[in-house]
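Each value in this text was obtained by applying a stated rule to the coordinates, not by laboratory testing. Keep in mind that this is a model prediction, so the values were computed, not measured. Glycine gets a Cβ as well: all are built from the backbone with ideal geometry, and neighbour counts include every protein chain shown.
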Number of protein chains: 2
Amino acid sequence: METTLSYEQLADFTKNIFQKIGCSEEDAATATRVLLMADLRGIDSHGIARLSGYIRLWEGGRINVTPNIKIIHETPSTAVVDGDSGLGLVVAPKAMAIAIEKAQQVGTGWVSVQHSNHFGIAAAHGMMALEKNMIGIALTNASPLVAPTFSTERLLGTNPICVCIPAGKQPPFVADMATTTAANGKLEILQRKNLKAPEGWIQDKEGNVSTNPHELRAGGSLLPLGGDKDHGSHKGYALGAIVDILSAVLSGANYAAWVPPFVSFLPVAAELPGKGIGHFFGAMRIDAFRPVDDFKKHMDQWIHRFRTAATVAGQEKVLIPGDPEREMEVERRSKGIPLLKPVFEDLEYLAERFEVSLNVNQANVQRQV
Amino acid sequence: METTLSYEQLADFTKNIFQKIGCSEEDAATATRVLLMADLRGIDSHGIARLSGYIRLWEGGRINVTPNIKIIHETPSTAVVDGDSGLGLVVAPKAMAIAIEKAQQVGTGWVSVQHSNHFGIAAAHGMMALEKNMIGIALTNASPLVAPTFSTERLLGTNPICVCIPAGKQPPFVADMATTTAANGKLEILQRKNLKAPEGWIQDKEGNVSTNPHELRAGGSLLPLGGDKDHGSHKGYALGAIVDILSAVLSGANYAAWVPPFVSFLPVAAELPGKGIGHFFGAMRIDAFRPVDDFKKHMDQWIHRFRTAATVAGQEKVLIPGDPEREMEVERRSKGIPLLKPVFEDLEYLAERFEVSLNVNQANVQRQV
């Protein structure tokens, strides 16, 4: 059973909750915008479903709601930002804004972030560059769930790579992908539906191929993009490693198996090599390379060529990265955001506990099977 | 049957050939160093085996041996370089040197290149950053051989991503990977041995799964990393697309299906959107983010943690990107570079035609079955 709430309802509620735990109104608004962008774009695993998780991290003393987010090292085109244990939802947009400002000055800007927390979907930050006619890049490390090729140990997160590229008449190119075969959210869908996972997504704790979506609870791992060595998993492993190093070794955050887990019930390792989790952002001004109009004309041609390519039987069209998420956003802005029963119950619990109205009435709730 | 020549023999010969077609001594030395780095590192598909291919492109009027390689647009952290149709083996190191120089000035440097040709292995350029205590990045587009997810058309090259990261006591992290499930070189090995390819490497011209390594000659395609949608091929497609756009749409080179083919017997499309093929290079000074010694200490710890991770049964150790290639280089510098019969015959042909000695005698040739 699902409950559907409008974006505005969810945004009001979420902002109120963030303010209740002590965020400034400005930070609460930013965190809400970032968090709900996941729901709008159909990445349900990273949106409102995680609100109670952030609250539990705050309760566990792992989120600072009044962080002093500051640059601790910089050059004309780079900076390292200390997130002061703030919500990644707040730290990340500030760091991306610094990358954009540096790009305005010297052509490109690159910011590595230490001492942060989970930042929602990477595209929420990378896309900030688009309206400035810049290419935006956002990376983050994350709780260790992924075994490198040949290993049984979980040493990497799903470590996403997001690259956003503006176009002209066409909508922008927005790639935002976990460096695993399948993102954890896709596994969660199979878990709820009790369906098997395709081979190449996960392995059991001994490193055998598994199709059991619950394998991670039994010590299994997600697999790097490629799945196995024959299918290039060493490339997915290398990509996840690059994200980890740029986000954390370069900034002074924790890396590899030392990345603090998102879930509050798992302990943080005793001796940590760095601070919090790490992110990495980039902004490149298009006109630092060629005139914006020229670039956009060719980008439109690039997109058109792919979108109109011949398809294999049974497929309607070739998609451009960002297409499905953009279409989902149009739909959910008008029809609302469907919430699974346990997610809605979490919100009801938060509403009661923090005395914040969910403002649900018969007029704006649609119940569906 | 193989013939093994020493690195020095091959280098002398190759440099002589490049000078015979009109390259300056300096350019010939650079092209030789870059080309043979592939052979030293065991990427046999990209090294001396391609020398006669470069010569045929020159004969076809597609390589300018005395190019005027110049910056046509720049900011403090960026540049676009016009390769003037030079050998990519020569254009790329010059462009990478510009990226490094800009990084010395403002922390990072980013160079997009138009009007170039095949540049050998990406690592030859990305690794230039390592000795400067910088992270090096090298991307290039290439002849269209890869179908995006859901398509039957070859719209992308194997478009490699190379990221090189310095360490301290440990050797550097050097990832250099095609954004396809398997690089074309691996397919060539199967072709020569008449072995089947694993599923997920290639499709036939209708887009059906194929295990026939000769499928590309019949209109088939290589597949993006992931292989099929269920296994994340849309991510490999997005990665290949990002490489294409940064290398060519950003610089004014050709992109998508318009990238000129490496093989001289295939015609270049009549109406091109840009000039030549495109590359993209980046250099990031470590100390633009944190002190070099701190970074290297943590990078050593990162590498040590992965290298000593628990392995699945039957695997000896977890590899760090660059390990196999580095070990191969040590071996081949001491024992020589083995050449397959058709490759050696190509060199004998070039030796005769350009009146350049291959300098092969019984003392330094080892014949093997």
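Before moving on, here are some points about what is shown:
- Count - residues of the range A:208-251 that are within 10 Å of chain B (Cβ to nearest Cβ), in contact (Cβ under 8 Å) with a residue 24 or more places away in the chain and part of a loop (DSSP other than H, G, I, E, B): 7
- When A:Pro144 is tested against (1) facing chain B (nearest Cβ under 10 Å); (2) in a loop (DSSP other than H, G, I, E, B); (3) touching a Leu at 6+ places or on another chain (Cβ under 9 Å), exactly one condition is not met: (1).
- Among residues of the range A:284-313, those that are in contact (Cβ under 8 Å) with a residue 24 or more places away in the chain and aliphatic (A, V, I, L, M), counted: 6
- Taking first residues from the range B:7-33 that are more than 18 Å from B:Arg333 (Cβ to Cβ) and partners that are assigned to a helix (DSSP H, G or I) and among the polar types (S, T, N, Q), the Cβ contacts under 6 Å between residues at least 6 apart in sequence or on separate chains come to B:Ala28/B:Gln19.
- Residue within the range B:212-226 that is in contact with a helix residue (DSSP H, G or I) (Cβ under 6 Å, 6 or more places away or on another chain) and within 27 Å of B:Trp302 (Cβ to Cβ) present: yes
- Residue selected from the range B:37-66 under the condition under 21 Å from the mean Cα position of the chain (by Cα) and free of Cβ contacts under 8 Å to residues at least 40 places away in the same chain, by the criterion nearest to B:Ile189 (Cα to Cα): B:Trp58
- Filtered residues of the range B:86-113 (kept if small (Gly, Ala, Ser) and either surrounded by 24 or more Cβ atoms within 10 Å (Cβ to Cβ) or over 19 Å from the mean Cα position of the chain (by Cα) (or both)): B:Gly86, B:Gly88, B:Ala92, B:Ala95, B:Ala99, B:Ala103, B:Gly107, B:Gly109, B:Ser112
Results for (1) out of contact with any strand residue (DSSP E or B) (no Cβ under 8 Å at 6 or more places or on another chain); (2) assigned to a loop (DSSP other than H, G, I, E, B); (3) within 9 Å of chain B (Cβ to nearest Cβ), shown as yes or no for each residue.
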residue	(1), (2), (3)
A:Val163	no, no, yes
A:Val174	no, no, no
A:Lys186	yes, no, no
A:Pro198	yes, yes, yes
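- Taken over the range B:299-335, the residue count meeting the criterion of being within 21 Å of the chain's Cα centre (by Cα) and of a type in the set (Gly, Ala, Ser) is 1.
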